[in-house]
1. Here is the link list: LYS96/LYS209; LYS96/LYS160; LYS89/LYS148; LYS101/LYS193; LYS193/LYS236. Which ones come out longer than 32 Å on Cα distance?
2. Using R₀ = 30 Å, calculate the FRET efficiency as 1/(1 + (r/R₀)^6) where r is the Cβ-Cβ separation of GLN95 and THR235; round to 0.05.
3. Compute the distance in nm between two label points, each set 7 Å from the Cα along the Cα-to-Cβ direction, one at LYS148 and one at GLN190.
4. GLN13 versus ASN112, label points 7 Å from Cα toward the beta carbon: distance in nm?
5. Quickly work out the TYR221-to-ASN51 label distance, labels modelled 7 Å from Cα along the C-beta direction, and quote it in nm with one decimal.
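Bear in mind these aren't lab numbers, they're just calculated from the coordinates by the rules spelled out. This one's a predicted model, so the numbers in the text were calculated from it and none came from an experiment. So basically every Cβ, Gly included, is an ideal-geometry build from the backbone, and we count neighbours across all protein chains shown.
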Amino acid sequence: MIKNIYEPEYVKQLFNQMSGSYERVNYITSFGFSIRWRRQFLNKLGSSDQNLNVIDIMSGLGENWVHLKNNFQNANFSVLDFSEQMIIKSTPKAQKVFGDKVQIICANVLQNNLPANHYDFVSCAFGLKTFNEEQFNMLAKELNRILKPGGKFTFVEVSKPGNKLLSSLYGFYVGKIIPVFGKIFLGNPQDYKMLWIYTNHFKNSKRIKHIFENNGLKVEYSDYFFGCASGIQGTK
């Protein structure tokens, strides 16, 4: 029995173990919609050719980066993840996409040395579900600290659809079928079973909206593909 699935060291170990197969399995998990969802949620930041500061937190294997670079051609980029293996495997991609205009940071977003009032834009894809209530509050406080006044943020997360039939089918697919794909791609099936456990507990981003609002942020809620993903976006 797992004592605490939200304990940072447990989560870090989980993503270290999945780092070799996570991008492919994540694509399959979402029926390929993850690419569309990333484009949609990142487009909520808008675009600019100005010299801005942009950070992608819980950055994983860098699936957001091409979209961010296209939207902010002249920005200074930072990418942050606390999984050492995710950082190792994604570093060549970061350097290819961003060139010398990227800072690669291996750190826990809840306990970091990021500068205050520094970032114009913050993005995060599929990192929310591994947080509990206390950690959501910590994340909101950190987001408020690192964003410039008027700075924008956007988050997206795989979610539990409100429709009972769709939720049951999606739960079976993610909880039972995806672990098989994880094994095919040399992952551990038990690791990928955790994805639905986290998603089932997370449900959707609605309660995150209220937590972020209570921490002084202006927040809007978004649904993607009948609630199979959800997100929040807003400003400081």
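1. Details: LYS96/LYS209 34 Å; LYS96/LYS160 35 Å; LYS89/LYS148 30 Å; LYS101/LYS193 37 Å; LYS193/LYS236 36 Å.
Flagged as over cut-off: LYS96/LYS209; LYS96/LYS160; LYS101/LYS193; LYS193/LYS236.
2. On the way: r = 31 Å, r/R0 = 1.02.
So, using R0 = 30 Å, E works out to roughly 0.45.
3. Here the modelled spin labels are 4.8 nm apart.
4. Placing both labels 7 Å along Cα→Cβ, they lie 2.5 nm apart.
5. Inter-label distance under the simple model: 4.1 nm.
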